[in-house]
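**Student:** The structure's right below; bear with me while I get my questions together.
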Amino acid sequence: MKSIYHPADSRGYADHGWLKSNHTFSFANYHNRARMNFGVLRVINDDQVAGGEGFGTHPHSDMEIVSIPLEGDLEHRDSMGNGGIIRKGDIQVMSAGTGVTHSEFNTNADKPVKFLQIWVFPREKGVEPRYGQMRIADYAKPDNFQQIISPIPEDEGLWINQDSWFHLADFGAGVKATYDIKKTGNGVYLFVISGKAKVGDQILYQRDGYGVWETDNFTLEATEKAEILLMEVPMELP
C-alpha cells in the first residue's frame, strides 16, 4: 500500500473577507505543483462564507462538483432551473458537463455557512449538465460506512459521472472497520471532518487528509468520536 499524508496546517489558505477557504489541493492563488490532485480528485475546499454573502453567478464545464454542508444554510441557483437550500445532513452534486452557471449564497445574515466543495474530473466530457440533491441524514449509518455517492444511478446516494464512491464514516470512539476498494486501480482519499482516527500507524486529526492506493483494503479506526469523508477515485486521469 502506498500513502500520502496532508496535515490540516499544510493546506493553502485564502481570506477574501466574505470568504475564508482552506485548499487541500492547488487552487486559485494557492499554487503547489506537489499538490495538484489525488488521481481524479482535483479540489477539496473547506469554505466559510460570511452572513449574507456568497459566490455570484459563475460558469463551470466538464467537472463533477460535490457540496457537503457542515454548518448553516447554503442557497443554490443554476442555469438548469434548480434552486434550493442545503444544510448539514444534505449533499449536492452537479455534473457541469457541456456548461452550466450557478451561484451559492449564505441565506443567513447573522452567521457563517461552512461547507466542503469538492471537484472530481469526469469519466466522460461533454455530457448533459445534471443536478442532484438529497437528505443523506435520513438514512445515516452510525459506526459504519454510509455510501453517499456512486457511479450507478440506482445505487445508494447520488451518482456522478466517474467511477467513484464516497462514504461518510461517523464512528464512535474505538470503532474500527475495514474498507474494501470497489474498483481495481482506484485509491481512497480520507478527509477528517471532525475528531481523530488512524489508518495503520498514521494518526489523523481534524481536517487532515490522507490518501492510500495500490491496496485492496485498509482499516480505519476512530481513536475518539470522528466524522470522516472517504472518497474512492480512479488514480489515472482520463
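Just so it is clear, none of the values below were taken in a lab; they were calculated from the coordinates. Nothing here was measured: the structure is a model prediction, and the numbers come from that model. A quick note on method: Cβ atoms are made from the backbone with ideal geometry, for glycine too, and the neighbour counts reach across all protein chains shown.
**Student:** Looking at (1) among the hydroxyl-bearing types (Ser, Thr, Tyr); (2) in a loop (DSSP other than H, G, I, E, B); (3) in contact (Cβ under 8 Å) with a residue 40 or more places away in the chain, find the lone condition where Thr101 falls short.
**Tutor:** Only one criterion is unmet by Thr101, namely (2).
**Student:** Looking at (1) touching a helix residue (DSSP H, G or I) at 6+ places or on another chain (Cβ under 9 Å); (2) more than 27 Å from Arg207 (Cβ to Cβ); (3) not aliphatic (A, V, I, L, M), which one does Glu156 not meet, given that it meets all the others?
**Tutor:** So the condition that Glu156 fails would be (2).
**Student:** With (1) in contact with a Gly (Cβ under 6 Å, 6 or more places away or on another chain); (2) crowded, with 21+ Cβ neighbours inside 10 Å as the list, and Val192 as the residue in question, which single condition is left unmet?
**Tutor:** Looking at each condition in turn, Val192 falls short on (1).
**Student:** Look at the range 77-87 and say how many of its residues are touching a residue at least 40 places away in the same chain (Cβ under 8 Å) and not in a loop (DSSP other than H, G, I, E, B).
**Tutor:** Summing the residues that are touching a residue at least 40 places away in the same chain (Cβ under 8 Å) and not in a loop (DSSP other than H, G, I, E, B) in the range 77-87 gives 3.
**Student:** Just checking, which of Lys20, Lys88, Lys2 is within 27 Å of Tyr139 (Cβ to Cβ) and among the basic types (Lys, Arg)?
**Tutor:** Lys88 is the lone residue from the list that is within 27 Å of Tyr139 (Cβ to Cβ) and among the basic types (Lys, Arg).
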